[in-house]
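Note sheet for the following structure.
The values are calculated or read from the model by the stated rules, or taken from the named source; none is laboratory data. This is a predicted model, so every value here is computed, not measured. Every residue, glycine as well, gets a Cβ built from its backbone with ideal geometry; the counts of neighbours run over all protein chains shown.
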Amino acid sequence: MEHAVGRRLGARDSMSVADYLMIAAGAAFLWLLALPFVRARGMVGKPAPRFADHELPAGERALVYFFSKSCGMCRSMTPQIEHLARDHANVFLIDVAGAPELARSFAVMGTPTTVLVRDGKVERVWVGSLSPAQLRGVFGDR
């Protein structure tokens, strides 16, 4: 009785071109999913593009919230940001459809994107929805 050593039943000797194309397509898809996070977070530490008509005093923080009216997560998060804006003067809501150049200057590729600016520099970037507790924590409100 002869046994096949080192071979599994049904195993192929090599991968086809289609297999390689599927792997490449999967890798490209994963990169496209990660790209908004990578680009937006690359802004951290860089000077913030001008986004308001007034200069922030030294040490002041500003929260810049980018949203889209067609975004489901934005529709649930925007009322929370509006509530925060009533309590803090340095909260800015930016509709990406109305200000595409500004969104591009902040490297926004997806909504919602929230940017914390301090001393004229981007301190932190969140891509995706934030909880009410996270939003209050940005300004030290607990």
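Quick check: is even one residue across the range 48-67 part of a loop (DSSP other than H, G, I, E, B), at pLDDT 90 or above and of a type in the set (A, V, I, L, M)? Taking every residue of the range 48-67 in turn, none turns out to be part of a loop (DSSP other than H, G, I, E, B), at pLDDT 90 or above and of a type in the set (A, V, I, L, M). Filtered by the rule that a residue be in contact with a Leu (Cβ under 7 Å, 6 or more places away or on another chain) and small (Gly, Ala, Ser), the range 75-90 gives a lone residue, 85. Kindly provide the set of residues from the range 56-78 that are of a type outside the set (D, E, K, R) and free of Cβ contacts under 8 Å to residues at least 12 places away in the same chain, ordered by number. Those that are of a type outside the set (D, E, K, R) and free of Cβ contacts under 8 Å to residues at least 12 places away in the same chain: 57, 70, 72.
For residue 24, the stated conditions do not hold, so it cannot be described as over 24 Å from residue 135 (Cβ atoms), out of contact with any Gly (no Cβ under 9 Å at 6 or more places or on another chain) and either of a type in the set (D, E, K, R) or at pLDDT below 70 (or both).
Residues of the range 77-116 that are among the polar types (S, T, N, Q), part of a strand (DSSP E or B) and surrounded by fewer than 18 Cβ atoms within 10 Å (Cβ to Cβ): none at all. When the range 52-76 is filtered for residues that are of a type in the set (Ser, Thr, Tyr), loosely packed, with under 13 Cβ neighbours inside 10 Å and within 18 Å of residue 126 (Cα to Cα), only 76 remains.
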